[in-house]
Each structure stands twice: as structure tokens, then as C-alpha cells.
Amino acid sequence: MSGMRIKDAGLIDPSKPIKFTFDGKAYSGFKGDTVASALLATGIRVFARSFKYHRPRSVWGAWSDDPNAIVDIALDGISYPNCQATTTALAEGMEVRSINAWPSAERDVKGVLDLAHRFLPAGFYYKMFMWPDWHLFEPMIRKMAGLGTLEKEVSDQFQSAILHEHCDTLIVGGGPAGLTAARVAAEAGKSVTLVDDHAELGGSLFSMAHARGLNASDWVAEQTAAIQSAGGHILTDTTAIGVYDHRMISLVTDRGLGTAPILRKMRADHVIIATGAIDRPVTFVNNDRPGIMSVDAGTEYLARYGVRVGEKIAFLTNRPDVSTNLEQLAAAGASIDIVEAATPHIQAIGTKSITGLVVGGKSISCDTVLASAGQTPLVHLWRHAGGKLAWDEDRQTFIPSAGPDWMRVIGAAAGTFDFDVAVQEATAVALKAPAPPRSIYKVTPLRPDLANKGRQWIDFQHDVTLKDVALAHRENMVSVEHLKRYTTLGMAGDQGKTSNIAGLSAMAELKGQSIPEVGTTTFRPPFVPVPLEAFRGTKRDRQMAPLKRLALEPEHRALDAAMGEYGGWLRPAWYGGDDEKTAVVRECKIAREAAAIMDSSALGAIEVIGPDARDFVNFVYYNTMSNLKPGRIRYGFMLSESGLVFDDGVMACVDDTRFIISCSSSHADAVMAHLEHWRQDSFDPKRVHIHDTTVNWSTVTIAGPKASDIVAELGVLENLRDFPHMSLRFGDFEGEEARVARVSFTGDTSFEISVRNDFAATLWRKTLEIGKKHGAGPVGAEALTVLRAEKGYILVGKDTDGETMPHDLGFGAPRLKKSAAFVGDRSLHSEKANSEARKQLVGLIVKDGEPMLPIGAHIVRNKDGKRRSLGYVTTSHYSPTLGRPIALALVEGGEHAMGEPVDLWHLGQARSAKIAASCAFDPEGARIDA
Amino acid sequence: MQQFPCPFCGLRDEREFHFAGEAGKTRPDTTKEISDADWTTYLYYCTNAKGPSREIWVHTTCQEYFVMTRDTVSMEVLSTEALNEDAA
Ligand SMILES: [Zn+2]
């Protein structure tokens, strides 16, 4: 006989049954049950199969320390992989599936792996990565490894709230010590937050109250009422998962499977850790078999859930304080045997459920073993905060020693296992007074029995045995951190809560050292697995990177524009509802034969103002800007201090104290930050100001042979006389200022007209109306990238890379001639900058009739049967204007190889092309000022 | 998560800040001759102090650069001050 429900026991509500299935069979439990307690009550023992060997596994613990009972759960059609059965609250309609088991945990076909354990020793993965060839093993390992199964039907509507909170005193853990501390602190006038990861406060009290003659629920209710009436705040179902920099403690509130948890970023002046302690497993042969649980788990299942885990129970422990556990289980009708855990040669009998123990050659019949090799305080948060640990020889465990002054540890988490002392300690610590001395608590040291034949489990979740630890030791993994990584001990989802001390103890025995000499590994958050959504909060999809929207968006949509994201802006890609190819060909034709009418509002518009503005722009530009006359515009590069091209664009001089920088639309924020850096670092910030006006203006561009006619008719300027390419004028549109810039990104005569956003729609419509008479029409971003590529105009970040300097793009003069200091100047004269082997921007022409070159194709040189890359294709289009493919590329020595043939290589395919100037259309520039 | 006191805005979450370099690094006068070694030192070499470290940070929401002295071991912020003393 295994588990069964005991009448009137536990905190469950027997009037509220809950139906669920496990591996396809129907069962029922009660409100207040976890998946594990409900399954145990039905008599089920095998919940899952182990990670590596597919050993049948049940539960070891009753809460978050359990390493074994991991299940996949479907609820309302959504799958949740890798749920801890011991902490997941049972809900109506749950379909629970055991992991790592096919067809079921009870009858697992891969269980045969257990017989092949010889072939999966410690360090297996490391060795296989090196010899003979990882790929031989990869398919098998991939198939076998991992725990739960991901299904397609996952929840995407899972959005966590992230809250920021503060209190005077945070108490983590609502057991006897935590409740006492919270009450004392709250009654002393502190703002108190008490968190506990269970739904019910009380902690270990439920399993110890029996012997104290207390009614646990009444005692908890009394403390809770006192805390709340003193203004204290209590959060149940809430786990403190970690302590981070500057005292931030993350609290995750579980709201049941299917509902996103709440993440609280709590900052408290005083933090009291009362997280309790857990039993650690005894190392003996087959100690992972179903039916072997911790002493506390056996008692907790009875006290909280009314489940007696077995009928014939053997206690296998060195703990001196288990009499209350014994009494409660005996009172529930179990027969009890007590076995001295320090006896050599202990072995469990039975596979899917134990049937007995062999202890020193003597057989004991039992259906359940409640084991403990001593209690391990849960000191994770203390360690996260930088607190130190000291080995306590009497308790055979590490307990908190020196640490931060704002954090204190009390109760079992501090090694104070006695109720009365824990309450005194909590009272003192809540008032920041020194803690009273602890009472004497002594356990017999248990060392792993190396001579015991058969497998003895150290880490249940990752299937690490004593033999694996011994192998790691033999292979000279002398540091405990090496041991951990080599065997993967403590690296599973439970992070070694139960296995750590057993592993250290095994290592100590093998090395002939004491446990403190072996040392401990690092404790890292989170204390329990947390859904990633809790950290994401509302930062998802568009909330993570909101789109920038154009004032003219409704106008574009009215013209059937296909909208696309370009550098964070939602812009018209092409118009008219056609497919992309047709639309791009049509729009290029309009642009070259009449005029393109485009929305250029996304281009950055940063104003530099002040008496030192001219010095400033001359310093941040590669090109000389000191002699730029009012009303004139100049194209230029900004460099990083290492000489690399950071951004390109035009800058207009309004007057000696005002300049307008036009930068790449995707780059305005970065350019702004770059300029602010230099302004505050190298200039008097009172004499030069920078202001990003991008979103204040809308810009309509008219570019093409008919552009002048259209702009003349628009009437924003009185006339277009003496208004050459690269100059700026101010006119008016409907009585408001209109800024007109003669700049071109298509190579044709071009006007950019900027007006206030609220005049944009009128300007756009009027331009289209006039343009229509001249054959002009709206042109989207896709056609524009073709038009600019025909001219060899670059896009920074596409036609440049992390090595490109301005002289690689054909702009070498300022490097040699500019005498004033500018950002990046000295880097342009390094050995690397002067190298002959630099990649330079060139055009590529393919033979008649050949298709476009793929972007990213490498230009290669074949030598001795080996290909060496000389560069790669950065831009490639079909040019409707030229009726042939065009391409731009960065090629080593390309500048001096005009007209030469080159070989290309792309994903196994060879191509050839001829190097040409980057400008493929109107190289004389005759059209730009036509 | 760390909290930094911006000299202009007060205590804010670290997500609002960017590191901008170690304090006390002066840009060499590039109109004069500078050796490769000196320029490389300026560009790439940092003290990377273990313990108190004087650094330049920018509060991205107000765009002001400032000097922060913090302990790189304990993560404690020791002080913050405006970059230009009369800027605040
Ligand atoms: Zn600020």
C-alpha cells in the first residue's frame, strides 16, 4: 500500500472536489491540493522518469525542494511544460502528463537506458564533443535530453505586471519565526511586508504543532490578524527569488497555472530571512526509488494535505528531532520502523515502489522510507546578498555568519531548529537586537559509503551518482566548481537544493578532506524557476520598440500604400496596391521621367544653435564645415573617434549660429546622443545647444526632371532663380514657414519642403495634384532605395561595415587637408587606415542576361585551390532605369581595379562580374541641376 | 537593479543610464603630432579600477552627462556631481 487520504486531516477542503487526469486516466483531488498531493492520495507513486536514465521517480519533497516530480500540464487547451508537481496548485480539468516517459511513467519504453548507464558516465557530453565526432551522438542526445515537451498551443496572452515597492521591513517566510518577526516589527510601528510562497501561512508549524499541543491554524490566524491590524502587508503565494544589486529583492506572486505571475521589485530598509530548512537525502544504494521521501515531506503531506504517504514507514535519519514526525504518522495509522542512517551498506529494494531496505545485511520490509541526512538551511537569499557561511559541525551544515548589516537570518534558515528559541530570536531580530544563543542541536555526521556496491544518487534531477563524482575526482576535477560542471551536479532546475551538501560530502570523502575545506559553489537567483514573462512584463512586441508614425500616414493609406518598418518608422513602401515588383518598376519610371513625390519626414532634423555652433559642427563632421555659408548645404560624414563612418547626411547653414543636421532616419537618436556627448565633453554647453526637431516637421520631397515645374507652381518660394543644388531657402505655405532644401537622394533635381505637421496633409495633396499634371506621383521607400543605388549613394550600416572609413567611400580629401581637429581625425592615419588592403566601395556589373547578384555574396580570389574573400556585395537591385542588375560592394583594393573581372561565391554557387564605379546612372551629374 | 542619483533628476533606475567612459581622460590635441601609442591609449586603455572608480555616465532621459564615483566591487555609489560645476 502506498499513499492514501486520511479523514479530517490537513488543510484541504473536502467539500470541493477537483477532477483531473494523469497520463490519460481520470482522478480527483480537493481544493488545497497540489498536483503531487492529489496524485499521492490516489496511491500513484511513479510521477515521472529521470532525465538521463529514465528511472521511475516519485516525490522526494513536498514543496520547491523536490527534484523529481516534474510534469507537463495542459489546462484549457494550453500546455505548460516542466511544472513542479509539488508546488502547482491542482485545478479543475488539468491534464497532467509525466515527462521523459513514453507511453507513461509507469511503463516507459526508454527505461532500458537505465541498463546502459555504463555508457553515460560523468563528463560524457564533454568527451563526446571532442571525440570521435559530436554529430554522431547529437541526434540521439537531442532526442533523449531535456525534460518536458513543448507543444504548439502555448499561451501568448501571458502578461505580467511589474511593480516597484518599498517597505521598512521585509520578512521572507511565514513560518513560526517569520510570523513572529512580522508581528513584532509591525507592532513596533514599522511598515512591514511578509511574503510566503505557500497559499497558507504557517511554514513548518503544521508539521510540528501536533507535539506542542498547539492548533496550528489558530496560532497562524492569531499572528496574521495581529500583523494586519498593525498595518502589515501579507503576500501569500509569493516567492522571493533573488537579491540583486542595491538591495533589490524580486518577489514573484504565483496566480495559478495559466495566469501570469506578478513581479515585485521590492526595496526594504531591513530584510529578515526566515525561509526555513530542508531535509537532505541520505546517500545509499537505489536511494532514488519511488517511496523514499524526506522526513519533512512525509509529515507535510499529512499535515497540509491529509495524505499519509505510506503504511509501513521506515525512518532513516540522523536527526534528533523527529519524534513529532513519528507521532503524527503513527497517529494516522502508519507502522514505524527506525533505522540508524549511519549504518554501512544500506540498499533499497523495489523498482517502481520500494518494498524494503537491506541494512547491514538485514532486511526490513516497508513501503515507504522517510529519510534525512540532516537539515540544510535555505540560505540562498543571504548568499545572493553577499552574506557568508560557516560550517557548523554539530548541525553538519553551513549556516549564515558575517554579512550585510541590513539583512538578518532567523529560524531554521539560521540553524535555529527549536520552536521556542526561534520565536525569541525572531522577536529580538525584528527590533534589530542581538539574537539569543541557540540551543544545542547535534547530528551524527553521515559520509557516503564508497564501498557500498550499486548506484547511489547524489543529484536526482540530473541523474548524478556517487560513481560520477568518483570518476570526476579520478579525472582530476579537484575544485568543487569543476566537479559541478563536469558531472552537472546541482545544475538542474532545482539548482542542487537537495544535492549540494551530498555532493560536497562525497567530494570530501574522496579527497580525505572536511566539507568546509572542499568549499561551496555559488548561489544564483532565481531560487525557483520563474516564467520568463515575469521579467518581460509589458515589454513585448510593439511595446518593446514602439513604431514611430508619420503625420501623413492616413494620406499614404488613402493611396493604398503598403506600409513597412524602416529604421523604427512606419513608412510607405510602395503605393497603389500592386505587388512590390510591379510597383517599384512603375515608381522608378515616374521618378526618372517626371518626378517622385515622397514623404521624407522620417529623416532626422537636428538643430545646432549658439555662438559656438559653427566650431561645434566643424568638430563633429569629417568634412570642413567652418566655411559653409548661410543658405548653403553640404554633404558630410560623422565619424566615431576610431575613425569609422558613424552617419552620413547633409547639413544646412541657416546663419552663423544655426545649423540643421539631416541624419539617417533610423539614426536620429544615436546621432543626438553622439552630439550631446561631444557637446558636454568638449564644448561650453552654454554656448552651443542641440535640439532634435525631427518629429516637429513633415517633409515632402519632389525629385525628378519635372520637380522645378511642380515646385514653381506650388508657390512656396517667390521664384526659383539663383537656387542651385545644395542650398536652402525659407518660403511660406498657406502663410506658415516652409523650409525648402535643394538636396537629392535620387540624383535628379530635388526639393525637400518642410512644414509644420498640421500643414503636411494640405501640402502633400496639393503637391500630388500639381504633380499629376506633370506625370509625377507618389513614390515609396522601396523604389527610393533602387534610385539611390543607381547613383551609388550609400546607406550607412548597409553599404558600410565596422571597418569603413570615409576614404574607403571615395571621400579622401578632408583626411589629408582639413587642418582643424575633428572627431576621429587621428584614427584616419593609423597603419590600418593607410593599408593598401582596405575594402573600398565599388559597383559591380554582371554580363548581359545574367540575374542579380545575391546580397552577401563574396568576391573571392582563387589561389592554390583555396578561395579567399576580398569583400562582399552590400546592395543589389534590378534597375528599371538601366534595364539591368546593379550592385554595390565593399572590395579589397576595389578603387584601383576598375573594369577588372572578379569571381564571386555564394552558398556553393560561383558567379562572375566586373568592377565598375559605384555610380551607375548619370555619372556626370547632368540631371541634378537640370 | 542598481539605482543612481542623477545630479539633476535624483535617484533613478540604472536602466535610464549609460556608461560613457572613465573620468579624467582628456582628448589629445589632434592638431599636434600624437604617437600611435598615445592615441591608442586614449582610445582603448582603461584603468578598470577594482574598488572606487570615477566615471562619466549619462542619464539618457535628461541627456545630461555627469561624474559618478562608485565602488566596482560593492556596487555602492559614493558620489555624483555635474560635469561642469556651474551646470546644475
Ligand atoms: Zn537626469
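The values are calculated or read from the model by the stated rules, or taken from the named source; none is laboratory data. All of these numbers come straight from a predicted model, not from anything done at the bench. Virtual Cβ from ideal backbone geometry, glycine too; neighbours counted across all protein chains shown. Remember, those area values only see protein heavy atoms, side chains included, never the ligands or the DNA or RNA. Shrake-Rupley method; radii C 1.70, N 1.55, O 1.52, S 1.80 Å.
Cα centroid distance between the stretch A:566-613 and the stretch A:476-554, in Å?
48
Return one whole number: the accessible area per residue of the stretch A:606-692 in Å², for a 1.4 Å probe.
That works out to 34 Å² per residue.
For the A and B pair, go ahead and give the buried accessible area with a 1.4 Å probe, both sides summed, in Å² to 100.
Roughly 2100 Å² of accessible surface disappears when A and B pair.
Tell me, what HN-Hα J-couplings in whole Hz come from the Karplus equation 6.51 cos²θ - 1.76 cosθ + 1.60 at θ = phi - 60° for each residue of the stretch A:499-507, using x for Gly and Pro?
For the stretch A:499-507, the Karplus-derived couplings read 9, 4, 5, 4, x, 5, 5, 5, 5 Hz, x marking Gly and Pro.
Just check the stretch A:606-692 against the gyration tensor rule for me: Cα atoms, a ≥ b ≥ c as the square roots of the eigenvalues, rounded for a/c under 1.5, and otherwise prolate or oblate depending on whether a/b exceeds b/c.
rounded
The stretch B:20-88: which trypsin sites (Lys or Arg not before Pro) are DSSP loop and have at most 12 other beta-carbon atoms within 10 angstrom?
Those satisfying the criteria are B:LYS32, B:LYS50.
If Rh is defined by the Kirkwood formula over all Cα pairs and Rg also comes from Cα, what ratio Rg/Rh do you get for the stretch A:147-235?
1.16
Taking the Cβ of A:ASP254 as the centre, find all other residues whose Cβ is under 10 Å away and add up their charges (Lys, Arg: +1; Asp, Glu: -1).
The answer is -1.
HN-Hα J couplings of the stretch A:80-96 from phi, Karplus 6.51/-1.76/1.60, θ = phi - 60°, integer Hz, Gly and Pro as x?
Couplings: 10, x, 6, 8, 7, 4, 6, 10, 8, 5, 5, 9, 4, x, 5, 10, 9 Hz.
Pick out, from A:LEU483, A:TRP219, A:LEU550, the residue whose Cα sits farthest towards the positive end of the charge dipole of the protein assembly as shown, with +1 on the Cβ of Lys and Arg and -1 on the Cβ of Asp and Glu.
Farthest towards the positive pole: A:LEU483.
Consider just the alpha-carbon atoms of the stretch A:476-607 and return their Rg together with their Dmax, both in angstrom.
Just the Cα atoms of the stretch A:476-607 yield Rg and Dmax of 30.5, 89 Å.
Which angle between 0 and 90 degrees, to the nearest 10, do you get for helix A:295-305 versus the longest principal axis of chain A when only C-alpha atoms count?
Rounded to the nearest ten degrees, it is 80.
May I ask for the longest run of chain A untouched by GluC sites (Glu not before Pro) that are loop-located per DSSP and have at most 11 neighbouring C-beta atoms (other than their own) within 10 Å?
Free of exposed loop sites, the longest segment is A:154-717.
For the stretch A:1-51, state which trypsin sites (Lys or Arg not before Pro) are in a DSSP loop and have at most 10 other beta carbons lying within 10 Å of their beta carbon.
A:LYS7
Before anything else, pin down the relative contact order of chain A: Cα pairs under 8 Å, at least 6 apart, normalised by residue count, whole percent.
That works out to 9 percent.
Classify the stretch A:817-907: rounded, prolate or oblate, from the alpha-carbon gyration tensor (a ≥ b ≥ c, eigenvalue square roots; a/c under 1.5 rounded; otherwise prolate if a/b is larger than b/c)?
oblate
Between B:ALA49 and A:LYS16, with labels modelled 7 Å along Cα→Cβ, what's the label distance in nm to one decimal, could you check?
5.9
List the residues of the stretch A:681-717 that lose 10 Å² or more of accessible area once all protein chains are present, compared with their chain alone (1.4 Å probe, heavy atoms only, no ligands or nucleic acids).
SASA drop of 10 Å² or more in the stretch A:681-717: A:ASP681, A:PRO685, A:LYS686.
Below 8 Å, C-alpha to C-alpha, sequence gap of six or more: please give me the relative contact order for the stretch A:836-930 in percent.
Relative contact order here is 35 percent.
Quote the charge dipole size of chain A about the Cα centre in Debye, to the nearest 20; the model charges only the Cβ of Lys and Arg (+1) and of Asp and Glu (-1).
1820
Using Cα positions and a limit of under 19 Å, work out the lysines in reach of A:LYS847, with same-chain residues fewer than 8 apart set aside.
Partners within reach: A:LYS914.
Mind listing the long-range amide H neighbours of A:ALA596? Cut-off is under 5 Å, sequence gap 5 or more, other chains count too, H placed in the peptide plane at 1.01 Å from N.
A:ALA703, A:GLY704
In terms of modelled amide H atoms, which long-range or inter-chain residues lie less than 5 Å from the amide H of A:MET563?
Correct list: A:ALA573.
Just to be sure I understand the interface: list residues from the stretch A:801-846 that lose 50 Å² or more of accessible area between the chain on its own and the complete protein assembly, 1.4 Å probe.
Residues of the stretch A:801-846 that lose at least 50 Å² of accessible area once the other chains are added: A:ARG826.
Evaluate the distance, in nm, between pseudo-label points positioned 7 Å from the Cα of A:THR762 and of A:ASN862 along their respective Cα→Cβ axes.
About 6.6 nm separates the two model spin labels.
Under a cut-off of 19 Å between alpha-carbon atoms, report the aspartates and glutamates in cross-link reach of A:LYS52, not counting same-chain residues fewer than 8 places apart.
Straight-distance partners of A:LYS52: A:ASP66, A:ASP72, A:GLU106, A:ASP108, A:ASP114, A:GLU138, A:ASP288, A:ASP459, A:ASP463, A:ASP468, A:ASP494.
Per 10 Å bin, what is the whole-percent P(r) computed from every C-alpha pair distance within the protein assembly as shown?
Taking every Cα pair in the protein assembly as shown, the percentages come to 2, 9, 15, 16, 14, 13, 13, 11, 5, 1, 0, 0.
In this model, which of A:LYS362/A:LYS453; A:LYS388/A:LYS497; A:LYS629/A:LYS817; A:LYS798/A:LYS866; A:LYS539/A:LYS686 are farther than 26 Å apart at the alpha-carbon?
A:LYS798/A:LYS866; A:LYS539/A:LYS686
Starting from 0 in steps of 5 Å, tell me what percent of the Cα-Cα pairs of the stretch A:367-516 lands in each bin.
2, 9, 16, 19, 18, 14, 10, 7, 4, 1, 0
For B:ASN84 and A:LEU431, FRET efficiency with R0 = 45 Å and r from the beta-carbon atoms, rounded to 0.05?
Here the calculated transfer efficiency is 0.40.
Keeping all protein chains in place, calculate the accessible area per residue for the stretch A:820-883 (probe 1.4 angstrom), answer in Å².
Solvent-accessible surface per residue comes out at 53 Å².
Can you give me the long-range amide H partners of A:PHE30? Hydrogens built in the peptide plane at 1.01 Å from N, cutoff under 5 Å, separation of 5 or more residues or another chain.
Sorted by chain and number, the residues that satisfy this are A:ILE18.
I'm checking a number: the convex hull volume of the Cα atoms of the stretch B:12-88, normalised per residue, in Å³. What is it?
114
So how much slack lies between A:GLU393 and A:ILE338, counting 0.36 nm per residue of separation and subtracting their Cα-Cα distance, in nm?
Working it through step by step, the gained length comes to 17.4 nm.
Roughly how many debye, to the nearest 20, is the charge dipole of the stretch A:447-511 about its Cα centre, given +1 on each Lys and Arg Cβ, -1 on each Asp and Glu Cβ, and no other charges?
Here the size comes out at about 140 debye.
Apply the Karplus curve 6.51 cos²θ - 1.76 cosθ + 1.60, θ = phi - 60°, to the phi angles in the stretch B:35-50 and return the couplings in whole Hz, x for Gly and Pro.
Karplus-based 3J(HN,Hα) across the stretch B:35-50 equals 6, 3, 5, 5, 5, 4, 4, 4, 6, 10, 8, 10, 6, 6, 4, 9 Hz.
Let me spell out the model: positive unit charges on the Cβ of Lys and Arg, negative unit charges on the Cβ of Asp and Glu, origin at the Cα centre of chain B. What dipole size does that give, in debye rounded to 20?
160
Mean separation of Cα pairs under 8 Å and 6+ residues apart, divided by the residue count of the stretch A:334-484: what relative contact order is that in percent?
Rounded, it is 14 percent for the stretch A:334-484.
Once you have a ≥ b ≥ c as the square roots of the Cα gyration tensor eigenvalues for the stretch A:447-511, tell me rounded if a/c is under 1.5, and otherwise prolate or oblate according to whether a/b is larger than b/c.
Verdict is oblate for the stretch A:447-511.
For the stretch A:516-665, give the percent of accessible area contributed by carbon and sulfur heavy atoms, probe 1.4 Å, rounded to a whole number.
56
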